[in-house]
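Here the structure comes first, spelled out in structure tokens, and everything after it is commentary.
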Amino acid sequence: MKNAKNPMVVKKSDQKVGAGRRQFLRQISQSGLAISSTTLAGSAMAGQGAQHSSSAAYNKDGWMKAPWQAAQAIVDRFQKELVFRDEDFLITHYGAKTCTLRQVQAWKSFEEQGALASPVADAADIYPAITTAIQACHQAGGGRVVIPKGDWYCAGPIVLLSNVHVHLQAGAHIYFSHQPTDYAKYGSVDCGERGRLVISRWQSNDCLNYSPMVYSFAQTNIALTGEDWTSVLDGQGGVPFNEDGDCWWTWKGKQRTINSIGQGSIPNAKAGKMSENAVNSLNANALAELTSISEPQAKLIQGEGDRWRADAAYLPALSEANIPLPKRVFGLGHYLRPPLIQLIGCDKVLLRGYQAKDSPFWVHHPVNCRDLKIDKVLANSHGPNSDGFDPEACEYVLVESCTFDSGDDCIAIKAGKNRDTQYGPSQHIVIQNCTMQSGHGAITLGSEMAGGIQHIYAQNLLFENKHWASNPLNIAIRLKTNMNRGGFLKHFYVRNVSIPNGVQTSPSYYAFLPNSPFAKKTIASAAGGVIVFDCDYAPVADNVRTRPPEVSHIHIAKVKVGNVSVKQANLPANSQYSCYQALVILGPVASDYNGPQPAPKILPVSQVLIEDCDFGAPVNKVSPLYLYNVKGLVLKNVMINSVLYKRG
């Protein structure tokens, strides 16, 4: 990595972790990281022990015979609570002191500024105390680390260790430092001038980066809980950290969605300001500086010009070129924001009963985790990329009774991007009894899904969309992939969804490639649909487009969409509408492929069953359905504008 001259030194750890996958990950962290993604693939998956349904569980058309029984079996896995040693470690016993607050002018969302409480400049830092308490608890064989009621300032990450339960009492509010430098001080990997960083994953690509505010790597039997939503983990994503007024959210850079509603700008972003989308001079001028690569392959990955040298494009390029993890160094001088909570390679995880607020990036991002339950959590963050819960390459996950009020997808299931697919698919996930408010998608699969997604079950959900007039839910049920992200999605089952206030009633768009068969601003795949399968998601963002996605066996039933009074210039006064379009299925686009010939077979979206649904009154009465490259779509008892639709 250019300008990262110091050798990396990995700190020794006394953490006791289990065998298999977690043991392998621990060895990575202690081996100097001299390992490629290809090596990771064989070894990591050997310990994952994924269980797949037998062929007897499917009928002749490939559908699961009893999907909801399979879902219940996943729920039943979590009936037995995690067990921790019965001893409390109070952080005040380790020197923690509460902080004084002041009011600061900050960003509350993409576009709204206002006064927020934030610790004073010389606030007492609880990082040393909580770190010592967690280590003492872990070394004693486990127990509970308790954060009492009060306001607390933490200028570093909370690192969860095996057999430790971190608990916030009611009224405990942790304000994490909003200074990026505080998350490049304590990581296990010394990257010289880039800081002390952690093994992380950013938008599904592996890297060394700023630590998340709550972090765990290769641990088992861990819990993070609160008593109620007054137990707050506050990332202060919109609080300025310099005199120019920049905050974590500023690093998003340019807003790219055409006709976004309530998210039309990025906090304090201006042309020429450094961000994840601006060319970074710290990055190599050419991939040939980093690895032996053919000129045609380098040209394909880099594309035209130097746009690929912006951090958000540079990391995927490193993955495409199979650059090993030790050379994917970001941190200081770079602009890839960390998640609020990231757990990598962990087993037996409980997240329960707290509010996670104003994350710099994704709110929760478990990667390659197994047996994880998130329960009664409020994800409340209206900044850029504020996805509420993004399980990636995880298996056996239960999302229950949570509320998501998000600046991006409420729940987005992911599974790697580019060549970083070593952890395999996301699978065996149940989402139930949850409420969604604002967000790009209430339930989303992708866009990063190169490792595949399967056996996902969602039921008994309220997509309330309470901000419908000013910052509406863009899409209810959403799939995002393209010819770069590829992957597969199969066996996705949804039932019993109430959407009383509809979704966004105006269309939003993505730009198409120059050779696209579609005219610009003709397919509302970015916002406006109740159900959207977008296999041509943001195609101009990816230079390498050689992996066609495969989508099949999707069953959606009993979705009820209400109408709201819409005030739009092009609509009659007091109009009642539910969405812009009911259903958009944009299958894979063959012309996007830019790899060697002959091209791989590009399959249509297939085996989609939608039944017993009422989509209310779409604005687009002429074309309430948009279908492209779809085969085997069946509509049964589907109402749109009080008209019964039947197909297949």
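Of note:
- Filter result (of a type in the set (S, T, N, Q), in a loop (DSSP other than H, G, I, E, B) and open to solvent by 50 Å² or more (accessible area, probe 1.4 Å)) within the stretch 546-567: 563
- The single condition among (1) exposed (fewer than 14 other Cβ atoms within 10 Å of the Cβ); (2) over 25 Å from residue 244 (Cα atoms) that residue 126 does not satisfy is (1).
- Selection count where residues are in contact with a Gly (Cβ under 9 Å, 6 or more places away or on another chain), among the aliphatic types (A, V, I, L, M), under 20 Å from residue 415 (Cβ atoms) and not in a loop (DSSP other than H, G, I, E, B), scope the stretch 342-372: 1
- For first residues located in the stretch 99-121 and at positive phi and among the hydrophobic types (A, V, I, L, M, F, W, C), partners that are open to solvent by 100 Å² or more (accessible area, probe 1.4 Å) and in a loop (DSSP other than H, G, I, E, B) and lie 6+ apart or on another chain with Cβ distances below 7 Å do not occur.
- Pair list, Cβ under 7 Å, 6 or more apart: the stretch 408-423 residue closer than 14 Å to residue 385 by Cβ, other residue of a type in the set (Lys, Arg) and open to solvent by 10 Å² or more (accessible area, probe 1.4 Å): none
- Residue in the stretch 527-535 that is more than 27 Å from residue 277 (Cα to Cα), open to solvent by less than 10 Å² (accessible area, probe 1.4 Å), part of a loop (DSSP other than H, G, I, E, B) and modelled with pLDDT of 95 or more present: no
- From the list 300, 282, the lone residue that is open to solvent by less than 50 Å² (accessible area, probe 1.4 Å), over 28 Å from residue 339 (Cα atoms) and at pLDDT 95 or above is 300.
- Members of the stretch 305-315 found to be open to solvent by 20 Å² or more (accessible area, probe 1.4 Å), in a helix (DSSP H, G or I) and of a type outside the set (A, V, I, L, M, F, W, C), listed by number: 307, 309
- The stretch 91-123: number of residues that are at pLDDT 95 or above and surrounded by 15 or more Cβ atoms within 10 Å (Cβ to Cβ): 18
- Count of the stretch 473-494 residues which are open to solvent by less than 10 Å² (accessible area, probe 1.4 Å) and of a type in the set (Phe, Trp, Tyr): 2
- Residue list for the stretch 154-172, filter: buried (at least 24 other Cβ atoms within 10 Å of the Cβ) and closer than 23 Å to residue 105 by Cα: 154
The values are calculated or read from the model by the stated rules, or taken from the named source; none is laboratory data. On a predicted model such as this, the values are computed, not experimentally measured, just so you know. Quick reminder, even Gly has a Cβ in these numbers, built from the backbone with ideal geometry, and neighbours come from all protein chains shown. Ligands, DNA and RNA are excluded from the accessible area calculation, which covers all protein heavy atoms including side chains. Shrake-Rupley method; radii C 1.70, N 1.55, O 1.52, S 1.80 Å.
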